[in-house]
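Comments concern the structure below.
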Amino acid sequence: MKPLYLDNAATTHPKPESVYLAVMDALRSGGSPGRGVHNQAIAADRLVFETREALAELFNADNSDRFIFTENATSAINLALFGLLQSGDCIVTTSMEHNAVVRPLKELQKRGVNIVKVSADPMTGIVERADLQEACLQQKTRLLLVNHCSNVFGSIQPVSELGEWCQKHGIVFMLDGAQSAGSIPIDFKALQVDLFAAPGHKGLLGPQGTGFLYIGGGVELSPFVFGGTGADSQSPYQPKNLPERFESGTMNLPGLAGLYAALQFLQKRGVDEIRKHEVTLISKIVTGLKGMKSVNLYGTDNVMLRSNAISFNLVDRDPAEIGYFLDQQEQIRVRVGLHCAPDAHRTMGTFPAGTVRVSPGLFNTEEEIDRFLQVMHVLAHESHC
Ligand SMILES: Cc1ncc(COP(=O)(O)O)c(C=O)c1O
């Protein structure tokens with residue numbers, strides 16, 4: 001039986017063939033970006049620059065220097081939060097956040113940062129824009145941070161006018177784009193986003209160990225890792241210019257080479273087209289699961305407000321049991337449990353057992369979804385009897 005990978009919200013699989021080749025090429029080519037002026041070092045530097053440029057093009061940003069490479073979305077989020085917030089600051093965020101946000105904020109709370117969480121609707125997982133705005137105006141808010149798409153329930157938050165509104169009110173606007181980057185079209189200028197964190201290994205189709213933080217023009221962050229930038233060697237101080245200020249240490253060149261190949265692939269395929277394909281798969285899953293009597297499907301009925309993370313449970317069955325059966329008996333890979341987002345489960349009433357999460361990706365076909373639904377149909381029927 002051929003394995004069926006439906007865990008793309010964790011990391012996309014497979015990657016485009018060009019990504020595998022680019023990683024291997026970079027490892028074979030050698031050279032460290034920003035270190036040395038021999039041919040291999042310059043080629044490595046060039047590759048990093050082109051990757052930044054490709055990101056700026058994909059997200060419609062003017063200045064590629066403002067894309068800071070990180071190991072993943074978590075380190076990008078940490079860089080933003082610890083670089084910006086100080087004792088006495090207030091942050092408004094949502095009840096749908098991943099632990100990559102919740103845990104740094106818990107640490108910052110110990111250091112005197114005030115956290116306000118706005119609850120999402122328990123049926124749809126969507127937060128009202130007006131509720132976020134009201135919460136921001138209750139006190140002097142420094143940062144509004146919103147999970148763009150839920151990694152558990154797929155809810156896409158209404159972020160379109162928040163950037164402009166935040167700018168008017170002197171609030172920094174940040175998105176956790178871990179589940180949206182590469183999966184839904186994103187235009188930084190239209191969104192007027194100040195900070196955007198994303199991994200390279202999910203919707204962007206790159207390798208693990210890659211990610212970035214975009215820092216908009218008006219935002220000043222303090223670094224918390226120092227040294228090892230390769231430039232300005234005579235100075236004992238961290239450089240002031242971007243991106244070097246936040247990129248200490250030797251870079252993950254093979255990872256970035258893979259990410260560059262992935263970005264080229266994305267540009268050619270078009271994020272609009274990818275979204276269209278994923279919406280077809282999402283609709284098929286949502287319709288299929290909704291038609292099964294003993295399935296509880298969570299989240300909005302509007303598939304246009306859903307990204308590719310779809311959560312459900314079978315009545316009176318432990319999600320872990322379902323995941324184990326799908327994996328061991330049917331070679332279908334899904335994820336079960338809390339998916340690193342316990343607050344989102346508390347919001348939707350699925351804490352503490354969590355859910356079964358199925359997340360299709362660009363390389364899944366409608367036939368594969370049919371196979372998944374057939375298996376679920378049998379499981380649901382057994383549960384019903
Ligand atoms: C919404 C969200 N934020 C942050 C992260 C953390 O991403 P990474 O594992 O790349 O650090 C994830 C990962 O699943 C996520 O889904």
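Residues in the stretch 160-193 that are among the polar types (S, T, N, Q), assigned to a loop (DSSP other than H, G, I, E, B) and away from the ligand (no atom under 16 Å from the Cβ): how many?
Qualifying residue count for the region: 2.
Does the stretch 82-106 hold any residues that are within 15 Å of LEU175 (Cβ to Cβ), of a type in the set (A, V, I, L, M) and within 12 Å of the ligand (Cβ to nearest atom), and which are they?
MET96, ALA100, VAL101
Test THR94 against the criterion of being out of contact with any helix residue (DSSP H, G or I) (no Cβ under 7 Å at 6 or more places or on another chain), in the same structural domain as ILE77 (by TED's automatic domain parsing) and surrounded by fewer than 24 Cβ atoms within 10 Å (Cβ to Cβ), and give yes or no.
It is false that THR94 is out of contact with any helix residue (DSSP H, G or I) (no Cβ under 7 Å at 6 or more places or on another chain), in the same structural domain as ILE77 (by TED's automatic domain parsing) and surrounded by fewer than 24 Cβ atoms within 10 Å (Cβ to Cβ).
Here is a yes/no grid of residues against (1) modelled with pLDDT of 95 or more; (2) of a type in the set (A, V, I, L, M, F, W, C); (3) touching a Phe, Trp or Tyr at 6+ places or on another chain (Cβ under 7 Å); (4) within 16 Å of the ligand (Cβ to nearest atom):
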{"residue": "ALA262", "(1), (2), (3), (4)": "yes, yes, no, yes"}
{"residue": "ASP272", "(1), (2), (3), (4)": "yes, no, no, no"}
{"residue": "HIS277", "(1), (2), (3), (4)": "yes, no, no, no"}
{"residue": "VAL286", "(1), (2), (3), (4)": "yes, yes, no, no"}
{"residue": "LEU297", "(1), (2), (3), (4)": "yes, yes, yes, no"}
{"residue": "PRO319", "(1), (2), (3), (4)": "yes, no, no, no"}
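Would you mind stating whether ARG28 is assigned by TED's automatic domain parsing to the domain that holds GLY200 and loosely packed, with under 15 Cβ neighbours inside 10 Å?
When the stated conditions are applied, ARG28 passes them.
Could you look through the stretch 365-380, keep only residues that are out of contact with any Leu (no Cβ under 6 Å at 6 or more places or on another chain) and not aliphatic (A, V, I, L, M), and pick out the one that is surrounded by the most Cβ atoms within 10 Å (Cβ to Cβ)?
Step by step, filter the stretch 365-380, then rank; the result is PHE372.
Show the residue pairs that are 6+ apart or on different chains and have beta-carbon atoms under 8 Å apart, the first residue being within the stretch 119-137 and more than 20 Å from HIS345 (Cα to Cα), the second being among the aromatic types (Phe, Trp, Tyr).
What qualifies is GLN133/TRP165.
Taking the condition of being crowded, with 21+ Cβ neighbours inside 10 Å and touching a His at 6+ places or on another chain (Cβ under 9 Å), how many residues in the stretch 350-359 meet it?
Qualifying residue count, the stretch 350-359: 3.
Could you list, in sequence order, all residues of the stretch 326-349 that are surrounded by 17 or more Cβ atoms within 10 Å (Cβ to Cβ) and assigned to a helix (DSSP H, G or I)?
LEU326, GLU330, PRO342, ASP343, ALA344, HIS345, THR347, MET348 - these are the residues of the stretch 326-349 that are surrounded by 17 or more Cβ atoms within 10 Å (Cβ to Cβ) and assigned to a helix (DSSP H, G or I).
Can you find a residue that is touching a helix residue (DSSP H, G or I) at 6+ places or on another chain (Cβ under 9 Å), closer than 30 Å to THR365 by Cβ and within 16 Å of the ligand (Cβ to nearest atom) anywhere in the stretch 61-73?
yes
I'd like to know if the stretch 162-169 contains one or more residues that are in contact (Cβ under 8 Å) with a residue 60 or more places away in the chain and among the hydrophobic types (A, V, I, L, M, F, W, C).
no
For the stretch 131-159: of the residues being in a helix (DSSP H, G or I) and among the charged types (D, E, K, R), which is nearest to the chain's Cα centre (by Cα)?
ASP131
Give me the pairs: first residue in the stretch 317-342 and of a type in the set (Gly, Ala, Ser), second residue in a helix (DSSP H, G or I) and more than 16 Å from the ligand (Cβ to nearest atom), beta-carbon distance under 9 Å, and six or more apart or on different chains, which are they?
What qualifies is GLY337/PRO319; GLY337/ALA320; GLY337/GLY323.
Collect the residues in the stretch 266-300 that are over 22 Å from the mean Cα position of the chain (by Cα) and without any contact (Cβ under 8 Å) to a residue 12 or more places away in the chain, keeping them in residue-number order.
Those that are over 22 Å from the mean Cα position of the chain (by Cα) and without any contact (Cβ under 8 Å) to a residue 12 or more places away in the chain: THR287, LYS290, GLY291.
The values are calculated or read from the model by the stated rules, or taken from the named source; none is laboratory data. Only a predicted model underlies this, so the values are computations on that prediction, with no experimental measurement involved. Neighbour counts run over all protein chains shown; Cβ positions are idealised from the backbone, glycine included.
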